[in-house]
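Here the structure comes first, spelled out in structure tokens, and everything after it is commentary.
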Amino acid sequence: MDENGIRTDGRRWDELRPLKIEVGVVKNADGSALIEWGKNKIIAAVYGPKEMHPKHLELADRAFLKCRYHMAPFSVDERKNPAPSRREIEISKVIREALQPALFLEDYPRTAIQIYVEVLQSDGGSRVAGITASALALADAGINMRDLVVGCAVGKVDGKIVLDLNDTEDKEGSGDLPYAFMPNLNQVTLLQMDGLFTFDEFKQALELAKVGGMKVYKLQREALLRKYFSGGGPETSTGSAEMMEEA
Amino acid sequence: MIPGDVIVTGDYRPGMYVQRRGSDMVALRVGLAEIVRNDVKVIPLSGAYIPRAEDMVVGKVVNVTGYGWEADINSCFVGYLPGQFVFGRDFSPSTHDLTTRFTVGDLMLAKIEAFDRTRDPQLSIRGPGLGKIPQGEIVKMTPMKIPRLIGRKGYMINMIAEFSACEIKVGQNGVVVVDGPAEGVRKAVQAIELIEQEAHTADLTTKVQQLLGAPVGPAPAAGPENSGEQ
């Protein structure tokens, strides 16, 4: 960060990177989304609910949620071995656990829901981008959900709390704090912390993550509405149903 | 509506895909909200087929077991048709040969007799029009769009059947079988594909009427409670 508070990529401390989201990009999947967040390019695809394989792992009272976060070999500067690394296994787990509270898994007993998060191009904050995209893919797949889930990261660079770290800041900075929450319920589903924060810094970071997350949620919403309600047709009928109710 | 959206606030009853949170009615699916008096529901626009009792489905036999048939009903659950439902109460696997009625690969129009969370859906072929489907062209649709294909009181599907001179069997699981003269089948399939693509548009009936060469006119009088239908 320079003396004017401008970051390596020209942003101020409270600015997000450019964010673009599209829903329904994978035709074969039941639900999918593509997110371009800074230099991140991530596709999330959801299959299911479908029959559970292997059969002995199925759960009698709810669906089994499977999640795979994977980075393509060409997603980073130096070729990445496509075999799942320690880091990818961890991120698969945290994405799964960040999404699970939003889902009504008990509505789909004895089935499996599979989420694939494929990183085509990687930048900082890919787990929160993955969560944001997966939540949309799940909604697109028509799985009952309490709320969408939004991810957003905050970090500490040169002793200052900044929103939405990029790759350089992630590596050079002194800490980062990925955060995911359900915006309407105001419940946290993922909170990780790397590096050292004082308690005041932590509180400030959490506040900032919420503010940033709400900005992301706005774009996430728009992306979903764009796929289903562009052209005005159904939304007006929603409106008219409500108007008739009032009449 | 998208998951998490508050549809209305106040004294309402939550219906399908709606949850009450305090006094807020919250949507659980991507879809259209519908409020009729006190009942709030969401008509979903996406999603896989989840069986419900009394649904009509088109199933394909995938396995013949000792006591019945297993059918793929385009869902995460396998439909099961017990031998008793076909041969009657005195069915016994030693005296009756199950393959004389259905073998692997056969299509059937069946009703979901019972379905609960603990066991796979049970099928039945007792009822008018139910049973084996000997031939026809299979068209798959998004299950959530089947109500558009059927239309108000079957208006749409009857119109397509009439103007294509075809017999059309519609499964609520999103599988449709069309049978009739080649030209008619082509027309009917086109109409079904049109509905698949434009299910959410307002003047769907007119578009289908134009495609079929049917007289263009309004569908039968719409009640306000059906405003989400077309």
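Any read-out appearing in this document is the output of simple, stated calculations on the displayed coordinates, not a laboratory observation. All figures in this text were calculated on a predicted structure; none of them were measured in a lab. Cβ placement follows ideal geometry from the backbone for every residue including glycine, while neighbour counts extend to all protein chains displayed.
List of remarks:
- In summary, the aspartates and glutamates within cross-link reach of residue A:55, defined as a Cα separation below 15 angstrom excluding same-chain residues under 8 places away, comprise B:120.
- Summed side-chain charge close to residue B:178 - residues other than residue B:178 whose Cβ falls under 9 Å, Lys, Arg +1, Asp, Glu -1: -2
- Taking the Cα centre of segment B:56-133 as origin and assigning +1 to Lys and Arg Cβ atoms and -1 to Asp and Glu Cβ atoms, the resulting dipole is close to 160 debye.
- Helical content of the protein assembly as shown, expressed as a calculated mean residue ellipticity at 222 nm, amounts to -8000 deg cm²/dmol (DSSP H runs of 4 or more residues, -39,500 (n - 2.57) each, divided by residue number, nearest 500).
- For chain B, the spread of Cα coordinates along the three principal axes comes to 61, 49, 23 Å, biggest extent given first.
- Which of A:222, B:34, A:78 has the fewest Cβ neighbours within 10 Å, and the rest in rising order: A:78, A:222, B:34
- For segment A:129-142, putting each phi into the Karplus relation 6.51 cos²θ - 1.76 cosθ + 1.60 with θ = phi - 60° gives couplings of 5, x, 5, 4, 6, 5, 4, 5, 4, 5, 5, 5, 6, x Hz, in residue order, rounded to whole numbers and with x for Gly and Pro.
- Residue-by-residue Karplus 3J(HN,Hα) for segment B:156-165, coefficients 6.51, -1.76, 1.60, Hz, glycine and proline x: 5, 5, 5, 5, 5, 4, 5, 7, 10, 6
- ³J(HN,Hα), Karplus 6.51/-1.76/1.60, whole Hz, each residue of segment A:176-191, x for Gly, Pro: 9, 9, x, 9, 9, 8, 9, x, 7, 7, 6, 10, 8, 10, 8, 8
- For chain A, excluding the exposed loop sites themselves (trypsin sites (Lys or Arg not before Pro), DSSP loop, at most 12 other Cβ atoms within 10 Å), the longest remaining stretch covers A:80-247.
- Here's how it looks for residue A:175: its modeled amide H is under 5 Å from those of A:156, which are all 5 or more places away or on a different chain.
- Among B:56, B:16, B:141, the largest mean-square fluctuation in a Gaussian network model of chain B (Cα springs under 10 Å) belongs to B:16.
- Largest GNM mean-square fluctuation among A:182, A:52, A:214, using chain A with Cα springs under 10 Å: A:52.
- Using a Förster distance of 51 Å, the FRET efficiency for residue A:14-residue B:193 (Cβ separation, nearest 0.05): 0.55
- Unit charges at the beta carbon, dipole of the protein assembly as shown: most positive-side option, A:188, A:113, B:133: B:133
- This model, with +1 at the C-beta of Lys and Arg and -1 at the C-beta of Asp and Glu, gives segment A:135-236 a dipole about its Cα centre of some 460 debye.
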